[in-house]
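The values are calculated or read from the model by the stated rules, or taken from the named source; none is laboratory data. On a predicted model such as this, the values are computed, not experimentally measured, just so you know. Counting neighbours? That spans all protein chains shown, and the Cβs are built from the backbone with ideal geometry, glycine included. The area values use the complete protein model at the heavy-atom level, side chains included, leaving out ligands, DNA and RNA. Shrake-Rupley method; radii C 1.70, N 1.55, O 1.52, S 1.80 Å.
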Amino acid sequence: LETEPDPEIERWIERLRAGEVPAAAPAPRPRPASGPDAAREAAARELDEIRRAFSDRYQVGERIGESTLLLSFAARDRRDTREVELHVLSPRLVGLGGGERVLEALERVVALRDPRIVPMRETGAIQGRIYFATPPLEGASLRDRLARERQLPVADVRRLAPQQAGAQRVEGGD
């Protein structure tokens, strides 16, 4: 468990090293809660923050997915009441200085029109949170299928491989 050192305890240790005999050691700061309850509470706080941040633009529903880089939510666009998937980039990613570049890249992807790429309805930043919205996806993803089946039939691989390569070429600008 990584925590920040408590400055009061650090000063007390320095006084001991200097040969002083200080009073009893200060009580340590309470550690943040951990475990499943803490994780649920943190997820609930994060959902509330996102709902507040996006409340003028989207009615944010439940979390439908997450990765290291983003959180995905079922949402309804308040302008036209269409269902969307709202994908919000991790603040850690944006904090690494990549926010402007990511936003520029997302703006370029919005303009792409290819049947092999999920279309983006819009992208932007709200209260420092970079997001993009897509139409809801129906059915399972290739990742879900691979997790379930572990190995695909050769005929399916022959059909899917060119589609995946084509989508990556289009996305990469080749």
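Structure notes:
- Subset tally (residues that are within 14 Å of ILE64 (Cβ to Cβ) and either of a type in the set (Asp, Glu) or at pLDDT 80 or above (or both)) for segment 132-152: 6
- Matching residues, segment 70-104, being modelled with pLDDT of 80 or more, part of a helix (DSSP H, G or I) and loosely packed, with under 13 Cβ neighbours inside 10 Å: GLU104
- Residue ID - modelled with the lowest pLDDT, chosen from residues in segment 153-174 that are surrounded by 11 or more Cβ atoms within 10 Å (Cβ to Cβ) and of a type in the set (D, E, K, R): GLU171
- Residue within segment 51-58 that is over 17 Å from ARG92 (Cα atoms), of a type outside the set (Phe, Trp, Tyr) and in a strand (DSSP E or B) present: no
- Every pair of residues 6+ apart whose Cβ atoms lie under 9 Å, when the first sits in segment 104-119 and is under 18 Å from VAL84 (Cα atoms) while the second is open to solvent by less than 30 Å² (accessible area, probe 1.4 Å) and of a type in the set (Ser, Thr, Tyr): LEU106/THR123; LEU106/TYR131; GLU107/THR123; VAL109/THR123; VAL110/THR123; VAL118/THR134; PRO119/THR134
- For segment 113-129, taking the residues that are open to solvent by less than 50 Å² (accessible area, probe 1.4 Å), among the hydrophobic types (A, V, I, L, M, F, W, C) and part of a loop (DSSP other than H, G, I, E, B), the one that is nearest to ARG92 (Cα to Cα) is identified as MET120.
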